[in-house]
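All remarks here apply to the structure that follows.
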Amino acid sequence: MDCLRDWPEPIVRVQSLSESGAEIIPARYVKPPAERPSVGPPGVTEACIPVVDLALLEDGADASSCDAATVKAIADACRGAGFFQAVNHGVSPGLLRRAREVWRGFFHLPMEEKQRYANLPNTYEGYGSRLGVDKGAILDWGDYYFLHFLPLCLINHQKWPALPPTLRLMNEYRETTDEYGEELTKLCRRILRALSMGLGLEADRLPEAFDEEGVCMRVNFYPKCPQPDLTLGLSAHSDPGGITILLVDDHVAGLQVRKDNSWITVRPLPDAFIVNVGDQIQVLSNATYKSVEHRVTVNAASERLSMAFFYNPRSDIPIGPIPELVSPARPALYQPMTYDQYRLFIRQRGPRGKKLVG
Ligand code: OGA
Ligand code: NI
């Protein structure tokens, strides 16, 4: 873990580059031609990812009350596209609005204020501008803020931003962020149970395999970019964890999901969540559910904020295919590995497509 003690070179905030008004982006942000956003067949980019109505998704202990059609819709989406948009998810639009507002507010604070929360690669907690510690790597056009919710022993409120009281209510960030964390954790629990049932298992089977849940969030901020055709806000990657619930700006697109050899731009529905399964669910389901590659484009006209909420298995137990899903006809496709071991790869190397669980 030694290499994770500090960044290999001085950190440059993408927001500062953007605000400098330069019309040319530094070479470090220019992607090789094959990775640039204009690459790929045109015309397929308007396709949709499935929309799933979660109104009837049970939220209590009684699995029998779970709506079979909702379970099937979630399972079908996670077997195919790997992504869906969730509507009627039960999290109030007011909370979504507040969460976006406080986090947008954070990124619009003066730089000295934000720098107080600058992060290091050992935990990634706090204000950051790169993923991975490879010296000389080509970087993405985005800054972010990363924090933990669970397990409780990992919560470090010193690493959560609080505005100075002269600007706003002191604890608004923490309270809104806490409430957002609680509501989204509940939603992830409901979805995880549905994913279990979608595999023909008891609702509690995936939660049992997760053991003690790990919950964290990365708020991504993609500043305006003068040359959006040359770079990406976030390079192609699959999410390493369990379930990701993404809240994006309603009015600015940017997320692209891989479908075969092309990229589909997701058109966000107002106040919907974009849900996808990560590599750990692909492994546990023995590849029934797919953790699909995605990336983020940026644009010259608008900044974009997104909140990626990650729901992960306990990080120090081996995660492999659930035994009930393994048979001579369908042998285990993965060797068990702890999530701690697994995510070291992305922490060291940064987003690198889908290398680990092909
Ligand atoms: C992520 C992610 C997408 C986005 O943070 O893992 O894929 O639209 N974000 O910011
Ligand atoms: Ni992602």
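No lab work stands behind these numbers, since they all come straight from the coordinates. No experiment lies behind these values; they were computed from the predicted model shown. FYI the Cβ positions are ideal-geometry reconstructions off the backbone, even for glycines, and counts take in every protein chain you see.
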Arrange the peptides 254-264, 192-202 so that the one whose residues have, on average, the most other Cβ atoms within 10 Å appears first.
192-202, 254-264
Just grab the label-to-label distance for residue 4 and residue 178, each label 7 Å out from Cα along the Cβ direction, in nm (one decimal).
2.8 nm
Would you list 173, 334 from fewest to most Cβ contacts within 10 Å?
334, 173
What do you get for the angle between helix 339-349 and the principal long axis of the chain? Use alpha-carbon atoms, 0 to 90 degrees, nearest ten.
30 degrees
Among the listed pairs 31/290; 31/186; 224/354; 31/114; 72/159, give every one whose C-alpha distance is greater than 30 Å.
31/186; 72/159
With everything on Cα atoms, drop me the angle between helix 68-79 and the longest principal axis of the chain, reported from 0 to 90° to the nearest 10.
60 degrees
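Per the Kirkwood treatment, what hydrodynamic radius in Å, one decimal, follows for the chain from the mean inverse distance over all distinct Cα pairs?
Final number for the Kirkwood radius of the chain is 20.8 Å.
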Checking the a/c ratio against 1.5 first, then a/b against b/c, what shape does the Cα gyration tensor give for the stretch 111-222?
oblate
In terms of the charge dipole of the chain, which places +1 on Lys and Arg and -1 on Asp and Glu at the beta carbon, the residue among 151, 181, 284 farthest towards the positive end is 284
Put +1 on the Cβ of each Lys and Arg and -1 on the Cβ of each Asp and Glu in the stretch 206-254; which of 209, 252, 231 then has its Cα farthest toward the positive end of the dipole?
231
Counted charge near residue 247, where neighbours are those whose Cβ lies closer than 10 Å (Asp, Glu -1; Lys, Arg +1):
-2
Burial-style ranking of 322-332, 176-186, average other-beta-carbon count within 10 Å with highest first, yields 176-186, 322-332
Hey, got the Cα dimensions of the stretch 232-273 along the principal axes, in Å, largest first?
27, 24, 19
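Would you mind working out the magnitude of the charge dipole of the stretch 226-358 relative to its Cα centre, with +1 at each Lys and Arg C-beta and -1 at each Asp and Glu C-beta, to the nearest 20 Debye? Let's see the in-between values first.
Details: 14 positive and 12 negative charges, 86 e Å.
Here the size comes out at about 420 debye.
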